[in-house]
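Each remark here refers to the structure printed beneath this line.
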Amino acid sequence: MPIKRITLNVVAVVLALLFIFPLIWMLLVSLKPNGVNVYTLSDWIKWSDLTFANYDKVMKDSQILRWTWNSAVIGVITTVVSLFFSSLAAFSFSKLPFKSKGLFYLLIVSGLLIPTEAILIPLYETTLHLKLIDNIWAIILPGLTNPLGILLLKQFMDGVPKDYIEAAQIDGCRSINLWLRICLPLTKSAMVSVGIFYFILSWNNFLWPYLSITSQENMILSAGLPTFLSNNIMSLNMIMAASSIAAIPTIVVFILLQRHIVQGVAMSGVKG
């Protein structure tokens, strides 16, 4: 057993290093003077030439902080509201009996088969009619529902023991209280996991924000950053500095909430 555990630990460390290596390289290149890259081991250990000049130039030459703020606001609003709607829908499909449940569930799941590109034209026309072009609500409103989130949360809520639901119903607990006091606390880790998925999905959303936002100050990071990088394509150090700034929020969110992902996955195997 100790040999097996040591082997697993070694494999885990090696895999972790492989995944973290690109991030370390990106950070080191971003801290090097313009024109100096990190291609050899000797370049790695030259700590004397580290500088934050690239970050300073990125912030001065672009509105990256504004874009980051817009992305964060949109990501938080989209995540919170989407979790609210998705958890209610998942609870209804999982625990409440009603007519045509299978049909409605099939319609929601079939939404996964529709590519984003197929709805861009009607979505743009609707947004234009509502006068939301170049407004962050043009990005927020279409992202408030997600079929995949409903599907995932339903699977987790299916794992909530039926005895809890039946006992609460015998005590006179209403449906809204079943959702609020039983299902939500028992699926907290799953909610956090799906919330991380929603946030990253919103953070990395590019095509629709690129089409719906026209001004620099209202752009989000995923749409504004490529515009800035296209003007600095010859400066790898500047590109890595901008990419590092863009990656920091998602890395922080993942690090702070990673234990809930493991708990959520573990809970998915629990059946009532």
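Given the conditions (1) within 28 Å of Ser189 (Cβ to Cβ); (2) of a type in the set (Val, Ile, Thr); (3) open to solvent by less than 70 Å² (accessible area, probe 1.4 Å), and given that Val29 satisfies all but one, which numbered condition is not satisfied?
Of everything listed in (1) within 28 Å of Ser189 (Cβ to Cβ); (2) of a type in the set (Val, Ile, Thr); (3) open to solvent by less than 70 Å² (accessible area, probe 1.4 Å), Val29 misses just condition (1).
Please specify each residue of the stretch 145-166 satisfying the condition of being surrounded by fewer than 16 Cβ atoms within 10 Å (Cβ to Cβ) and modelled with pLDDT of 85 or more.
Gln155, the sole residue that qualifies.
Condition check: among the hydrophobic types (A, V, I, L, M, F, W, C) and in contact with a Gly (Cβ under 7 Å, 6 or more places away or on another chain). Does Leu88 satisfy that?
No; evaluated as a whole, the condition is false for this residue.
Is the stretch 206-221 home to any residue that is surrounded by 17 or more Cβ atoms within 10 Å (Cβ to Cβ) and more than 15 Å from Asn135 (Cα to Cα)?
No, the stretch 206-221 contains no residue that is surrounded by 17 or more Cβ atoms within 10 Å (Cβ to Cβ) and more than 15 Å from Asn135 (Cα to Cα).
Do we have any residue at all in the stretch 89-109 that's surrounded by 12 or more Cβ atoms within 10 Å (Cβ to Cβ), within 30 Å of Val252 (Cα to Cα) and among the aliphatic types (A, V, I, L, M)?
yes
Please work out which one of (1) surrounded by 12 or more Cβ atoms within 10 Å (Cβ to Cβ); (2) free of Cβ contacts under 8 Å to residues at least 40 places away in the same chain; (3) closer than 27 Å to Ala247 by Cβ is the condition Trp67 fails and give its number.
Result: Trp67 passes all but (2).
Mind checking whether some residue in the stretch 37-45 is assigned to a helix (DSSP H, G or I) and either under 15 Å from Ser243 (Cα atoms) or in contact with an Asp or Glu (Cβ under 8 Å, 6 or more places away or on another chain) (or both)?
No, the stretch 37-45 contains no residue that is assigned to a helix (DSSP H, G or I) and either under 15 Å from Ser243 (Cα atoms) or in contact with an Asp or Glu (Cβ under 8 Å, 6 or more places away or on another chain) (or both).
Does the stretch 248-271 contain any residue that is at pLDDT below 80, open to solvent by 40 Å² or more (accessible area, probe 1.4 Å) and hydroxyl-bearing (Ser, Thr, Tyr)?
Looking through the stretch 248-271, at least one residue is at pLDDT below 80, open to solvent by 40 Å² or more (accessible area, probe 1.4 Å) and hydroxyl-bearing (Ser, Thr, Tyr).
If you check Leu120 against the conditions, is it under 22 Å from the mean Cα position of the chain (by Cα) and open to solvent by less than 50 Å² (accessible area, probe 1.4 Å)?
yes
Six or more apart or on different chains, Cβ atoms under 9 Å: show the pairs whose first residue is in the stretch 126-140 and on the phi > 0 side of the Ramachandran plot and whose second is surrounded by 15 or more Cβ atoms within 10 Å (Cβ to Cβ).
Here the result reads Asp134/Ser212; Asp134/Ile213; Asp134/Asn218, each pair linking the stretch 126-140 to a residue that is surrounded by 15 or more Cβ atoms within 10 Å (Cβ to Cβ).
Where the second residue is in a loop (DSSP other than H, G, I, E, B) and of a type in the set (Ser, Thr, Tyr) and the first is more than 18 Å from Arg66 (Cα to Cα) and lies in the stretch 234-260, which pairs have Cβ atoms under 6 Å and are six or more apart or on separate chains?
none
Yes/no matrix, rows are residues, columns are (1) modelled with pLDDT of 90 or more; (2) hydroxyl-bearing (Ser, Thr, Tyr); (3) under 30 Å from Asn231 (Cα atoms); (4) not in a helix (DSSP H, G or I):
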| position | (1), (2), (3), (4) |
| --- | --- |
| Arg66 | yes, no, yes, no |
| Asn70 | yes, no, yes, no |
| Ile74 | yes, no, yes, no |
| Thr79 | yes, yes, no, no |
| Leu112 | no, no, no, no |
| Glu117 | no, no, yes, no |
| Thr126 | yes, yes, no, no |
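The values are calculated or read from the model by the stated rules, or taken from the named source; none is laboratory data. Given the structure is predicted, the values throughout are model-derived calculations rather than measurements. Heads up, the Cβs are rebuilt from the backbone with ideal geometry, glycines too, and the neighbour counts pull from every protein chain shown. With ligands, DNA and RNA removed, areas are computed over all heavy atoms of the protein, side chains included. Shrake-Rupley method; radii C 1.70, N 1.55, O 1.52, S 1.80 Å.
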